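The values are calculated or read from the model by the stated rules, or taken from the named source; none is laboratory data. Owing to the predicted nature of the structure, the values given are computational and were not obtained by experimental measurement. Cβ atoms come from the backbone with ideal geometry, glycine included; neighbour counts cover every protein chain shown. Just so you know, the surface numbers come from the protein's heavy atoms only, side chains and all, with ligands and any DNA or RNA stripped out. Shrake-Rupley method; radii C 1.70, N 1.55, O 1.52, S 1.80 Å.
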Amino acid sequence: MNDLLAKELRRELDDLKLAGRYRNFRVIQSASLPEGIIQGKRYKIFCSNNYLGLANHPRLRQAACESTERLGSGSGASRLVCGNMSAHVELEEELARFKQAEAAIVFPTGYMANVGTISTLAGPEDTAIIDRLCHASIIDGCRLSGAKLQVYKHLDLDSLEHVLSRSGKYRRRLVITDSIFSMDGDIAPLPQIIELCQCYGAVSMVDEAHATGVFGEHGWGTLEHFGVEGQVDVVMGTLSKAVGSLGGFVVGPQILIDYLRQSCRSFIYTTALPPGVCAASTAGLRLIRDEPQRRQRLWENVEYLRRGLLELGFNLMGSQSQIIPVLLGDETRTMQASEALFHQGILIPGIRPPTVPKGQCRLRITLMADHSREDLDCLLEALQNCR
Ligand SMILES: *Cc1c(COP(=O)(O)O)cnc(C)c1O
């Protein structure tokens, strides 16, 4: 390796270690379940996005195995060449039905769906207007697009309108928000954002990564929750969280999906997902449709834990979802709390800058439908000592 490069990389890594920001990767020796094994020891897991427990469901495992037996472990090429298998087409049809849309397009990951879709729909003559707490994949898509990136205050409609009202000179205005925010667990005021977009002739785009399968009576997402189905121009989501598999998607009018298929670089210039992964996703969507009790159990867990945490006097920020931040503020305190929980057999990450603003360090809890009352009581008891 180039000597100078090696020296520079080593110095930066040493700086990270000195600052206590060097990340170690834990090895999980078991399936994605509420309890996991790390270095031979059992831990209760409160940081998985496998919200409905589908990632280890027999129906998904079976669908993945059957499809793999029939079609193989890899797709062999990109969708446009010869990697477009029946498993991909079935998944896109199921997604369109599930999200009540005309059509759907599947990407290898949600990250690629955002980066590709945003950079396809916006260019240097446009502006992308995003909530300050949008996911990294949205920010990266905006940067790649070359559009003017403008940021409005978190959930702040006045701030959004302020930016919109001064955006007349751009060809296209693209307003993008997460529906459920990854770190705060709060929810975007979609009806009002839609109204502002219509008022200013802006295109609306919503990232339903944490909402798909969780929000709305049928698990269709926050658009169903608010009763605004069909009113957002571009709806993006992931198959990697509640759906229990892997992949990203965009659903919407046929013309949007046709356009992305023809022009989106992160869709065209990459190998199609393995068929087994697609089959698992399709099975996951069908389970979400057929077993609403999973979603119900998740929400019962959310209610129970929220009540317990509030009784203990914790600040849960604006959380309204299965993502529950416990604000501790100070960085040292937060990282020590996370460490102490780990010693008690509970895995919850401490979140600190640069992921969240200074002074807003927190334990970030995510719940699963399969967590038992006993799991939640155990967590509440352990957290008592973190007050
Ligand atoms: C997880 C996530 C993504 C990325 O999805 P992957 O399928 O994991 O790549 C995009 N947006 C948000 C808000 C997310 O939380």
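The calculated FRET efficiency for the pair Leu13 and Leu149, based on their C-beta separation and a Förster distance of 41 Å, comes to about 0.90. Bridge orientation summary for the chain: considering DSSP beta bridges with both residues in this region, about 55 percent are antiparallel. A Förster radius of 30 Å combined with the Cβ-Cβ distance from Tyr259 to Cys199 puts the calculated FRET efficiency at roughly 0.75. Put simply, when 162-173, 314-325 are sorted by average Cβ atoms within 10 angstrom per residue, most first, you get 314-325, 162-173. Stretching the chain fully between Gln62 and Glu125 yields a gain of 17.9 nm (0.36 nm per residue, less the alpha carbon separation). Measuring r between the beta carbons of Glu229 and Asn84 and using R0 = 30 Å, the FRET efficiency lands at 0.60.
Between Gln100, Gln293, Gln39, the GNM of the chain built on Cα springs shorter than 10 angstrom shows Gln39 fluctuating the most. Compared with the alpha-carbon gap, the fully stretched path from His343 to Asn24 is longer by 113.2 nm at 0.36 nm per residue.
Near Thr334, within a Cβ-to-Cβ distance under 14 Å, what is the net charge of the other residues, with Lys and Arg +1 and Asp and Glu -1? Taking every other residue near Thr334 into account, the sum is +4. Karplus-based coupling profile of region 133-144, in residue order and whole Hz: 9, 4, 4, 3, 5, 6, 4, 5, x, 5, 4, 5, with θ = phi - 60° in 6.51 cos²θ - 1.76 cosθ + 1.60 and x standing for Gly or Pro. The charge dipole of the chain, taken about its Cα centre with unit charges on the Cβ atoms of Lys, Arg (+1), Asp and Glu (-1) only, comes to about 900 debye. Counting charges near Ile45 (Lys, Arg +1; Asp, Glu -1) among other residues having Cβ under 13 Å from its Cβ returns a value of +2. All other residues whose Cβ lies under 15 angstrom from that of Gly230 are scored, Lys and Arg at +1 and Asp and Glu at -1, for a net of -4. Using the 1.4 Å probe convention, the accessible area of the chain works out to 47 Å² per residue with neighbouring protein chains retained. Were the residues from Leu4 through Glu161 laid out at 0.36 nm apart, the gain over their Cα-Cα distance would be 51.7 nm.
In region 120-182, what percent of the accessible surface is made up of carbon and sulfur (1.4 Å probe, ligands and nucleic acids excluded)?
Values: 1350 of 2750 Å².
Exposed carbon and sulfur together represent 49 percent of the surface.
Listed by chain and number, the lysines whose alpha-carbon sits under 30 Å from that of Lys148, ignoring those within fewer than 8 places in the same chain, are Lys169, Lys358. Taking Cα centroids, how far is region 340-374 from region 195-222 in Å? Centre-to-centre distance over Cα atoms comes out at 26 Å. Rounded to whole numbers, the Karplus 3J(HN,Hα) couplings from phi for region 283-290 are 5, x, 4, 5, 5, 4, 5, 8 Hz, using 6.51 cos²θ - 1.76 cosθ + 1.60 with θ = phi - 60°, and x at Gly and Pro. Between the residues Ser167, Phe249, Val234, the greatest Cα displacement towards the positive end of the dipole of region 130-259, with unit charges on the Cβ of Lys, Arg, Asp and Glu, is found for Ser167. Helix-only arithmetic for the chain: the sum of -39500 (n - 2.57) across DSSP H runs with n ≥ 4, divided by the residue total, places the mean residue ellipticity at 222 nm at -13000 deg cm²/dmol. Of the solvent-accessible surface of region 340-387, computed with a 1.4 Å probe over protein heavy atoms with every protein chain present, carbon and sulfur atoms account for 47 percent. In a reduced charge model with +1 at each Lys and Arg Cβ and -1 at each Asp and Glu Cβ, region 182-231 shows a dipole moment near 120 debye about its Cα centre. Taking 19 Å as the cut-off, the amide N atoms of region 154-171 that come nearer than this to a point 7 Å along the Cα-to-beta-carbon line of Gln192 belong to 154-166.
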